Amino acid sequence: MRTFHIKLKGGAQKSTIVCRKDVLAKQLKGDLSWLNAGGALIFTDSNVYALYQRQIKKLSLPVFVMAAGEEHKTEETLFALLKEMAEVGLRRTSTLIALGGGVVGDIGGLAASLYMRGIACIQVPTTLLAQVDSSVGGKTAIDFCGVKNLIGAFHQPVYVYADPTFFKTLPARELRCGLGEIIKHAALNAELFDKLSAQDDLFDMDFLARIVPDNIQIKADVVEKDPTERGLRRCLNLGHTTGHAIELTQNDLSHGECVLLGLLYESRIAARHLQTDGAYLAALSALIKRVLICDGKSIDIERAAHLALLDKKNTKQDTVTLSVPTKKGEFAFLELDYADYVRDLKEIREELC
Ligand SMILES: NC(=O)c1ccc[n+]([C@@H]2O[C@H](COP(=O)([O-])OP(=O)(O)OC[C@H]3O[C@@H](n4cnc5c(N)ncnc54)[C@H](O)[C@@H]3O)[C@@H](O)[C@H]2O)c1
Ligand SMILES: [Zn+2]
């Protein structure tokens, strides 16, 4: 078991993250006396509920189940959850338990931030991606008007319980998705990069269980320094500007696969414009290719580039802002004119495919 405490600037909010096995049968069961005293609701999705309903029912807490999938990360689901929270009589002292992947975590966190102007939220992330990334840091959101994460809030969970036993039921594709974010962290942290490079089977469950706390630590360190993404936290956007744009043009690729493709492109862009370590960037690309099973041949690169220009993290007109890997454990922010970015993407696509 490993426990972390994240304290944010100003000291107003604090999150405790606990990495341990058997969260449903042990941790939450142990919390039941205070959860019942204040009132609590479990929020989960249809897949997680189908797999874990026996353990969930044993907690004897009210449960609200959403239909699984990003397409349900909507205002309808958010308001259906808020309605349920009101109907079961949650109070200001109550707790919402978000048990699921990043979709459940993002909607649950947002509902907890809105209900009575903010109640406590416990995140129980059940996907690899949610454990190493989305459950840590307090970002919450729903998709709105066709834009991903357009409406959201910063709301730190009081607890995050990360339990690797949930990975046993995860499809390989979801593991690959989580590995996309893990490789992103490895591009920011030399020690994690060495651990991944030395590991034969990156999908091995025991290995993944061992590196989840490392990833949480990396993200927590960044979030503590910059909780509301004014500067440093944008480094976590590595691979994501190009990755998100690819994601919007390709329905058949998962977020993690797009992030890995984004990282591949952006490390080559870095080499064209900045002082970089060529041998290291080659090793990073080799690591990415061990997880990525698509070659990105079908990407509509011009459309993706145009969508990257609309990214909400860009600060200047006709400029694309990237967070790129440069040397082992090092990154840089790079601002590129749109025309240069499109040219780079097209040329790199030729090199890669
Ligand atoms: N808030 C943040 O900082 C942040 C960061 C990264 C991503 N996100 C968000 O996270 C979401 C993606 O998260 P995700 O990849 O976890 O997606 P997800 O929540 O849709 O989960 C992926 C799939 O796995 C299923 N699932 C969940 N746990 C399972 C388990 N233990 N066994 C079997 N199946 C299981 C789900 O039902 C779903 O079908 C996106 O909406 C993204 O915007 C948020
Ligand atoms: Zn991501």
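The values are calculated or read from the model by the stated rules, or taken from the named source; none is laboratory data. Keep in mind it's a predicted model, so treat the numbers as computed, not measured. Please note: Cβ atoms are built from the backbone with ideal geometry, for glycine as well, and neighbour counts cover all protein chains shown. Each accessible area value is taken on the protein alone, full model and side chains, heavy atoms only, with ligands, DNA and RNA left out. Shrake-Rupley method; radii C 1.70, N 1.55, O 1.52, S 1.80 Å.
Relative contact order of the range 172-352: 27 percent, from C-alpha pairs under 8 Å at least 6 residues apart in sequence. Cross-link reach is defined here as a Cα-Cα straight distance under 26 Å, omitting same-chain residues fewer than 8 places apart; for Lys57 the lysines meeting it are Lys21, Lys26, Lys29, Lys73, Lys83, Lys168. Taking the square roots of five times each eigenvalue of the Cα gyration tensor of the chain, the equivalent ellipsoid has semi-axes of 35, 21, 19 Å, listed largest first. Summarise the long-distance tail of P(r) for the range 2-169 by giving the % of C-alpha pairs beyond 30 Å. Of all Cα-Cα pairs in the range 2-169, 8 percent lie more than 30 Å apart.
Here the label points at Ala172 and Ala190, each 7 Å from Cα along the C-beta direction, are separated by 3.5 nm in the simple model.
When a/c is below 1.5 the answer is rounded, else prolate if a/b is larger than b/c, else oblate, so apply that to the range 34-82 with a ≥ b ≥ c taken from the square roots of the Cα gyration tensor eigenvalues. Walk me through the intermediate numbers first.
On the way: a/c = 3.80, a/b = 1.37, b/c = 2.78.
Oblate shape, in that a/c is at least 1.5 and b/c is the bigger or equal ratio.
Heavy-atom accessible area with a 1.4 Å probe sorts Ile107, Ile151, largest first, into Ile151, Ile107.
Could you report the range 283-353's accessible area per residue, 1.4 Å probe, as an integer in Å²? Kindly include the intermediate steps, with their values, before the conclusion.
Values: 3720 Å² over 71 residues.
Value returned for the range 283-353: 52 Å² of accessible area per residue.
What's the extension gain from Val18 to Arg117 if we count 0.36 nm per residue and subtract their Cα-Cα distance?
Details: separation 99, 0.36 × 99 = 35.64 nm, distance 2.60 nm.
Working it through step by step, the gained length comes to 33.0 nm.
Principal axis analysis of the Cα atoms in the range 201-353 yields extents of 43, 35, 32 Å, listed in decreasing size. Here the contact order of the chain, divided by its residue count and restricted to Cα pairs under 8 Å and six or more residues apart, works out to 14 percent.
Kindly flag which residue pairs out of Lys184/Lys289; Lys148/Lys327; Lys7/Lys139 have an alpha-carbon separation exceeding 21 Å in this structure. Don't jump to the answer; show the numbers that get you there.
Details: Lys184/Lys289 13 Å; Lys148/Lys327 31 Å; Lys7/Lys139 15 Å.
The pairs that break the limit, which is 21 Å between Cα atoms, are Lys148/Lys327.
Put a dot 7 Å past the Cα of Thr228, heading toward its Cβ, do the same for Asp300, and the two dots end up 3.8 nm apart. For the range 212-304, the share of accessible area belonging to carbon and sulfur comes to 50 percent (1.4 Å probe, ligands and nucleic acids excluded). When all protein chains stay in place and ligands, DNA and RNA are ignored, the 1.4 Å accessible-area order of Met85, Met1, Met205, largest first, is Met1, Met205, Met85.
Here the calculated FRET efficiency for Gln55 and Val147, from their Cβ-Cβ distance with R0 = 25 Å, stands at 0.10, rounded to the nearest 0.05.
For the range 135-175 versus the range 37-107, the inter-centroid distance based on Cα atoms is 13 Å. Report summary: the helix-based calculation at 222 nm, which adds -39500 (n - 2.57) for every DSSP H run with n ≥ 4 and divides by the residues of the chain, gives -14500 deg cm²/dmol.
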